[in-house]
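Coordinate-derived values only; no laboratory data. Everything numeric in this text was worked out from a predicted model, so none of it was measured. Counting neighbours? That spans all protein chains shown, and the Cβs are built from the backbone with ideal geometry, glycine included.
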Amino acid sequence: MFNKCATDPMCYVNIDLTAEMPKVNNTVVSTMIQRAGKNLQSLKLGIWPNAASTTELSRLMSYSTRNPMDTSGLSWSQKRPRKGKETSLLTRSCLLALSVDGGAAGNFLRSLRLYNIDKMDNFALCKALSSCPFLLDLEVVGL
C-alpha cells in the first residue's frame with residue numbers, strides 16, 4: 001500500500017519538510033520534487049530552531065510576492081532565528097530539481113518557503129525562482 005502511494009504524484013502536491021532538527025538532505029528533496037512533477041504546488045524546506053522563534057518571526061515579518069513588507073525594524077542578522085551549532089543537511093543545491101525537465105515541477109509551484117538553508121545565496125535562490133514563473137507566495141528566512 002505504501003509503495004503504491006509513494007509512486008503516486010498526487011501524494012506530493014504539498015511537501016512540508018520543515019523541522020526543528022535537520023532530518024532530510026538534498027537527495028530526499030530532489031526525489032520528492034521529481035516524484036511530484038507537475039503536481040507540486042507547495043514546498044516548505046528548512047529548519048526552525050523552536051516554536052517561539054517561529055511565532056515571533058511570523059508576527060514581526062511577512063513577505064509575499066504580492067504584498068512585500070517588513071514591519072520589524074530589525075536588521076537581517078537579528079531576524080535570523082538560527083542559534084548555536086545548528087547545521088542543515090540541506091544546501092543551496094536542494095532546489096535544483098525544480099528546474100529539471102525544463103522546469104516541469106517549478107512551473108506549477110505556487111508557494112515556496114525556505115527556512116535557514118545552508119549556503120543559500122542570491123544566485124542559487126534566483127536560479128530556483130526562475131523555474132517558478134507562477135509563484136504566488138514566497139517566504140525566505142536566513143538567506
In whole Hz, what ³J(HN,Hα) sequence does segment 38-48 give by Karplus (6.51, -1.76, 1.60; θ = phi - 60°), x for Gly and Pro? 6, 7, 5, 10, 9, 9, 10, 9, x, 10, 9
Take Arg110 and Leu143, extend 7 Å from each Cα along the Cα→Cβ direction, and tell me the distance between the two endpoints in nm. 2.3 nm
Most packed first (mean Cβ within 10 Å per residue), the peptides 91-102, 117-128 order as 91-102, 117-128
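Can you tell me the length gained on complete extension of the stretch Leu136 to Glu20, counting 0.36 nm per residue apart and subtracting the Cα distance?
Working: separation 116, 0.36 × 116 = 41.76 nm, distance 2.57 nm.
The Leu136-Glu20 span can extend by a further 39.2 nm.
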